[in-house]
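Okay, so here's the structure we're looking at.
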Amino acid sequence: MDGSDRVKVSTRIARLATRQGARVATAESLTGGLLASDLALAPHAALWYRGGVVACAPEVRRDVLYVRSGPIVSERAVLDMADGVALLLGATVAVAVSGVAGPLPSEGSAPGTVWFGVRHDGSTGA
């Protein structure tokens, strides 16, 4: 996705979040803040985007986002990340992403493996 596509997607998210009165937060490992950056630059972000946590270090995931011990590239980890960032930042919608960029496998997961977790109105899924 190029820069103009990312702006279009972020603008659409901004419209939807504003219309629905959503408070959005992000938790990222794999993407290193790219998602947070795109959302923060969207129209009227301060009205709907609560912020994000870039959690690369295991202790940050555990201590800040309450991710339980185990592989970070997993369904359970992104569910914990989404729940943790929603709690931390007071969000009604939270998105978490973790994965393996490569070139080598990590924690038994192949390069290109990506997990997304979403929390919306108290329910979390991956």
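Each reported figure results from applying straightforward, stated rules to the coordinates on display, with no laboratory input. Model, not experiment: these values are computed from the prediction. Quick reminder, even Gly has a Cβ in these numbers, built from the backbone with ideal geometry, and neighbours come from all protein chains shown.
Summary of values
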{"item": "Options Ser29, Ser4; residue that is small (Gly, Ala, Ser) and surrounded by fewer than 16 Cβ atoms within 10 Å (Cβ to Cβ)", "result": "Ser4"}
{"item": "Residues being touching a residue at least 40 places away in the same chain (Cβ under 8 Å) and polar (S, T, N, Q) - total across the stretch 14-59", "result": "3"}
{"item": "Any hit, the stretch 38-61, residues being in contact with a strand residue (DSSP E or B) (Cβ under 9 Å, 6 or more places away or on another chain) and among the acidic types (Asp, Glu)", "result": "no"}
{"item": "Identity of the residue in the stretch 93-126, part of a strand (DSSP E or B) and β-branched (Val, Ile, Thr), that ends up farthest from Val24 (Cα to Cα)", "result": "Val114"}
{"item": "Residue in the stretch 2-21 that is over 20 Å from Ala86 (Cα atoms) and not in a helix (DSSP H, G or I) present", "result": "yes"}
{"item": "Residue among Val85, Val100, Val78, Val95 that is of a type in the set (A, V, I, L, M) and out of contact with any Ser or Thr (no Cβ under 6 Å at 6 or more places or on another chain)", "result": "Val85"}
{"item": "Subset of the stretch 60-111 (residues that are touching a residue at least 24 places away in the same chain (Cβ under 8 Å), touching an Asp or Glu at 6+ places or on another chain (Cβ under 7 Å) and surrounded by fewer than 16 Cβ atoms within 10 Å (Cβ to Cβ))", "result": "Pro71"}
